[in-house]
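See below for the structure under consideration.
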Ligand code: HEM
């Protein structure tokens with residue numbers, strides 16, 4: 001009993017300000033977050049598509065809704081999340097084929113993925129506004 005307690009006395013760092021995640025961990029977390037955002041966004045986008053196709057009034061309603069900064073911002077966020085999910089997803093698929101699995105190449109591909117997403121986010125902003 002006493003020995004079991006002793007074995008649990010390992011160093012534990014719970015000070016969030018001193019914990020720094022590797023770039024690959026951040027890329028991984030963001031991929032999951034962007035997947036969940038994309039999933040939730042599907043409901044919003046399908047509702048907008050359905051409403052806009054249902055009638056000319058519905059189309060006008062969706063156009064009117066889109067004329068709001070907050071709605072545009074949410075749409076921009078959705079497009080950016082989708083862009084990151086696709087970029088990160090393609091990176092995953094390349095890794096599944098046995099490439100970019102070493103520490104250096106994994107770090108580099110994660111960084112390149114962030115840069116490509118930043119460019120796509122700017123393009124999404126141009127599209128939405
Ligand atoms: C409607 C569109 C999509 C939705 C809602 C979606 C959602 C998700 C979610 C929730 C996950 C789980 C993430 C996790 O547990 O870590 C996931 C994983 C994944 N997604 Fe998507 N996704 C979509 C489209 C795509 C596309 C277009 C690609 C292609 C590039 C893609 C590639 C992947 C890959 C490779 C994984 C596995 C990642 C891993 O092994 O950790 N997804 N997706």
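Nothing in this text is a laboratory measurement; each read-out follows from the coordinates by a stated rule. Please read all numbers here as calculations on a predicted model, not as lab measurements. Here the Cβ positions follow ideal geometry from the backbone for every residue, glycine too, while neighbour counts run over all protein chains shown.
Results, tabulated for the structure shown:
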{"item": "Relative exposure of 117, 24, judged by other C-beta atoms within 10 Å (fewest first)", "result": "24, 117"}
{"item": "Computed helical MRE - 222 nm, the chain, DSSP H runs ≥ 4 contributing -39500 (n - 2.57), nearest 500", "result": "-27500 deg cm²/dmol"}
{"item": "Sequence-separation-based contact order of segment 24-128, relative, with Cα cut under 8 Å and 6+ spacing, percent", "result": "34 percent"}
{"item": "q = 0.14, 0.15 Å⁻¹, the chain: log10 I(q)/I(0) [Debye, one scatterer per Cα]", "result": "-0.78, -0.84"}
{"item": "Ranking of 72, 8 by count of other Cβ atoms within 10 Å, fewest first", "result": "8, 72"}
{"item": "Rounded to 10°, Cα long-axis angle of helix 103-128 versus longest principal axis of the chain", "result": "20 degrees"}
{"item": "Sorted largest first, extent of segment 28-78 alpha carbons per principal axis (Å)", "result": "42, 22, 8"}
{"item": "Listed residues 81, 64, 41, most fluctuating in the chain (Gaussian network, C-alpha, under 10 Å)", "result": "64"}
{"item": "Crossing angle, helix 23-54 versus the chain [Cα axis fit, 0-90 degrees, rounded to tens]", "result": "20 degrees"}
